Amino acid sequence: MEENTRRPVNPRRRRKTRMEIIKEAYLPTIIMIVTVILIIIFVAGSLSRRPSQDETLPTGITLSSTGPTVDIYAETVQQLLADAALLAADYDYQATVDLIGTFPGDITAYPELGAKQAEYAKAETNMVTWSDPSQITVLSFHTLIADPSRAFTNAAYGTAYNRNFVTTGEFSKILQQLYDKGYILVSLSDLVSIQESNDGKAQVEALSLRLPLGKKPLLLVQTNANYYTYMVDGNGDGEADKDGAGFASRMIVDEYGQIICQMVDDQGNTVTGDYDLVPILNAFIAGHPDFSYRGARAILAPSGYDGIFGYRIDAATKAEKGQAYCDHQAQGASTLVNALREQGYELACYTYGNNAYGNISAAEIQADLRSWAAEITPVMGQTNILVYAQNSELDEYSGSKYNVLQSAGFRCYLGFQSGTVPAGAGSAHFLMKRLLVTGSQMAHTNTYAGIFDAAEVLDPIRGNVPR
């Protein structure tokens, strides 16, 4: 057998191929060269895309001979301008001037800041001071009629509705006219300062209000904000139905946090919409934000004997339908009350029993307010605003009746034009005079001359409005 003279092959020492040798020797160099070329191409492209002096740069970026630079005050300037615009929308021009004055850099380097500060300073010099409460217009409405065809033909109360109430359409027209005439909605808290001492005594002072030249302050009030059972219930079961008189049945907070009204239409369907003052006013302010001074809304004054805002939380309902029913009603009312306060509405008392406080005794007033404190305060919270009912108010702010009202925590009072006590601040109270807006007054008097044009507002569906 012939001997094998070939050397065994060691698999760990296999000879490298030519391609492997080339890769090991030259590939790192090739990779490095390609990388350098790519870097050069990237830099050249970046330079070619560099913005010209005429191009708009992101906020805070400017060009210099050495390339882009950062303006450390650019964001501060934009924020100051935005915050100043919000203050100016509330006519707080002095605050805008002071705010821009807090700029930490050289304001002369930012002409837009200096121009706005000068603009707001000029606007401040054109402001007018309102310090006399008797010169401030207060318009007062009952619950609005959403369906006048049902309200004015209601067998029991159609005549009264036509005489004393305003429709949603008429109210919308009034708002537009008020806006066009330069009225600005203000809050009662804009007009009065109340300091309470630890011993329960109050120190009340009228405030001065500054508004732009040509603008006039306005308070809006809604009384009887209850949606009484007799207005919405036609069959006597205590629930709203199609035989109601065309009013909303309650206010609710929808899934978006908006306050709207429920109503049962003439087909028996429960529908939601802008069926009363609150949602109509909210929508108007959303379209005309300069109509509201610093977020002002209206004063809402329910009585208490049939619940509040369409929620039956009164003692009579509890006796008839039980605690569980009233607890559920109270939960809905609390949700609504919180939303109303958050949106700027001020809540007031219209007496518990819709009573004429000027014509009853101090003991009767005390009993009436005891019911309010027991049934309404736990849900609506405390209020220091009393709106007088039945065209009847106190004829003096001293004595036993006044002491009862003061002991109940009332400091602000909304009376009538016919009242004998003038509007203004006493040492412990603040009195305003409200002008009732009714169908009869719009149709037969010139009461609202200079405020709005009643002839343009009045809905023809009323026919002959009773006096």
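Hey, could you check segment 192-207 for residues that are assigned to a loop (DSSP other than H, G, I, E, B) and at pLDDT below 95 and say which is most open to solvent (accessible area, probe 1.4 Å)? So, considering only residues that are assigned to a loop (DSSP other than H, G, I, E, B) and at pLDDT below 95, the one most open to solvent (accessible area, probe 1.4 Å) is ASN198. If the condition is being assigned to a helix (DSSP H, G or I) and more than 18 Å from VAL465 (Cβ to Cβ), then segment 138-173 contributes only SER172. For segment 289-400, the helices (runs of 4 or more DSSP H) that sit wholly inside it and include 3 or more residues that are without any contact (Cβ under 8 Å) to a residue 24 or more places away in the chain are 315-321, 323-342, 362-375.
Here is a yes/no grid of residues against (1) basic (Lys, Arg); (2) open to solvent by 40 Å² or more (accessible area, probe 1.4 Å):
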{"position": "VAL77", "(1), (2)": "no, no"}
{"position": "ASP90", "(1), (2)": "no, yes"}
{"position": "PRO104", "(1), (2)": "no, yes"}
{"position": "ALA115", "(1), (2)": "no, yes"}
{"position": "THR129", "(1), (2)": "no, yes"}
{"position": "LEU139", "(1), (2)": "no, no"}
{"position": "ASP147", "(1), (2)": "no, no"}
{"position": "ARG150", "(1), (2)": "yes, no"}
{"position": "LEU175", "(1), (2)": "no, no"}
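Would you mind finding the one in ALA202, ALA156, ALA225 that is in contact with a Lys or Arg (Cβ under 7 Å, 6 or more places away or on another chain) and of a type in the set (A, V, I, L, M, F, W, C)? From the options ALA202, ALA156, ALA225, the qualifying one is ALA202. Within segment 287-323, the residues that satisfy the criterion of being within 23 Å of ASP254 (Cα to Cα), open to solvent by 40 Å² or more (accessible area, probe 1.4 Å) and at pLDDT 95 or above are GLY287, HIS288, ARG297. Among the residues of segment 85-137, those that are within 30 Å of GLY426 (Cα to Cα) and assigned to a loop (DSSP other than H, G, I, E, B) comprise ASP90, TYR91, ASP92, SER131, ASP132, ILE136. Residues of segment 234-249 that are open to solvent by less than 30 Å² (accessible area, probe 1.4 Å) and over 15 Å from ILE145 (Cα atoms): GLY238, ASP241.
Across segment 401-438, the qualifying residues are those that are in a strand (DSSP E or B) and open to solvent by 20 Å² or more (accessible area, probe 1.4 Å), and the one among them that is farthest from ILE174 (Cα to Cα) is ALA425. When SER392 is tested against (1) of a type in the set (Ser, Thr, Tyr); (2) open to solvent by 20 Å² or more (accessible area, probe 1.4 Å); (3) touching a helix residue (DSSP H, G or I) at 6+ places or on another chain (Cβ under 9 Å), only condition (2) is not met. For segment 152-170, a tally of residues being open to solvent by less than 30 Å² (accessible area, probe 1.4 Å) and either more than 29 Å from the chain's Cα centre (by Cα) or free of Cβ contacts under 8 Å to residues at least 60 places away in the same chain (or both) returns 2.
The values are calculated or read from the model by the stated rules, or taken from the named source; none is laboratory data. What you see is a predicted model; the values in this text were computed from it and never measured. Virtual Cβ from ideal backbone geometry, glycine too; neighbours counted across all protein chains shown. Accessible surface areas use protein heavy atoms only, side chains included; no ligands, DNA or RNA. Shrake-Rupley method; radii C 1.70, N 1.55, O 1.52, S 1.80 Å.
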